[in-house]
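The values are calculated or read from the model by the stated rules, or taken from the named source; none is laboratory data. Computed from a predicted structure; not experimentally measured. Positions of Cβ are generated from backbone atoms using ideal geometry, with glycine treated the same way; all protein chains shown enter the neighbour counts. Note: accessible area is taken over every heavy atom of the protein model, side chains too, but ligands, DNA and RNA are not part of it. Shrake-Rupley method; radii C 1.70, N 1.55, O 1.52, S 1.80 Å.
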Amino acid sequence: QVQLVESGGGLVQTGGSLRLSCAASGRTFSSYSMGWFRQAPGKEREFVAAIISSGGTDYADSVKGRGSISRDNTKNTVYLQMNSLKPEDTAVYYCSARPGGWQRGPGLYPYWGQGTQVTVSS
């Protein structure tokens, strides 16, 4: 069982930056792939980024070059740094975890946090 708690969301102006954090419980954190997803009002939850246990990463095209996912296995924490934020980045951002390799489908992640709101003003 893995419990996830996100933090770091907030209101930011277009072009600004935010760093989201996700603290995980459980002794097997280092073996899990971690993902960030987001969901805007009226839209489906979409993949943002993922990182596997060894540090390999994957990014959605919409954030490639602006987002950076990282993890600190000593702190059981995964981060999402988002730069050059745009109004279309406004969404609730969710942290997720799954054993094994990363996937882009949200249905393939069994563990989820409660989400943190990111609002980008124009």
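Details
- The C-beta contact set for the stretch 106-122 (first residue more than 20 Å from SER33 (Cα to Cα), second residue open to solvent by 40 Å² or more (accessible area, probe 1.4 Å) and assigned to a strand (DSSP E or B), distance under 7 angstrom, 6+ apart or interchain) comprises THR119/LEU11; SER121/LEU11; SER121/GLN13.
- Among the conditions (1) open to solvent by 60 Å² or more (accessible area, probe 1.4 Å); (2) at pLDDT 95 or above; (3) hydroxyl-bearing (Ser, Thr, Tyr), the only one that TYR79 does not satisfy is (1).
- Considering residues of the stretch 60-74 that are open to solvent by less than 40 Å² (accessible area, probe 1.4 Å) and of a type outside the set (D, E, K, R) only, the residue nearest to ALA97 (Cα to Cα): ILE69
- Scope the stretch 106-122; condition part of a loop (DSSP other than H, G, I, E, B) and either open to solvent by 30 Å² or more (accessible area, probe 1.4 Å) or among the charged types (D, E, K, R) (or both); matching residues: PRO110, GLN114, SER122
- Residue within the stretch 52-60 that is aromatic (Phe, Trp, Tyr) and without any contact (Cβ under 8 Å) to a residue 40 or more places away in the chain present: yes
- Any chance LEU20 is of a type in the set (A, V, I, L, M, F, W, C), touching a residue at least 60 places away in the same chain (Cβ under 8 Å) and part of a strand (DSSP E or B): yes
- Residue count for the stretch 82-101 under the criterion of being crowded, with 16+ Cβ neighbours inside 10 Å, out of contact with any helix residue (DSSP H, G or I) (no Cβ under 9 Å at 6 or more places or on another chain) and not acidic (Asp, Glu): the result is 6.
- Residue within the stretch 79-95 that is without any contact (Cβ under 8 Å) to a residue 60 or more places away in the chain and either among the basic types (Lys, Arg) or in contact with a Leu (Cβ under 8 Å, 6 or more places away or on another chain) (or both) present: no
Table: residues versus (1) open to solvent by 40 Å² or more (accessible area, probe 1.4 Å); (2) out of contact with any strand residue (DSSP E or B) (no Cβ under 9 Å at 6 or more places or on another chain).
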| residue | (1), (2) |
| --- | --- |
| VAL2 | no, no |
| GLY16 | no, no |
| ALA23 | yes, no |
| MET34 | no, no |
| PHE37 | no, no |
| PRO41 | yes, no |
| GLU44 | yes, yes |
| ALA49 | no, no |
| ASP58 | no, no |
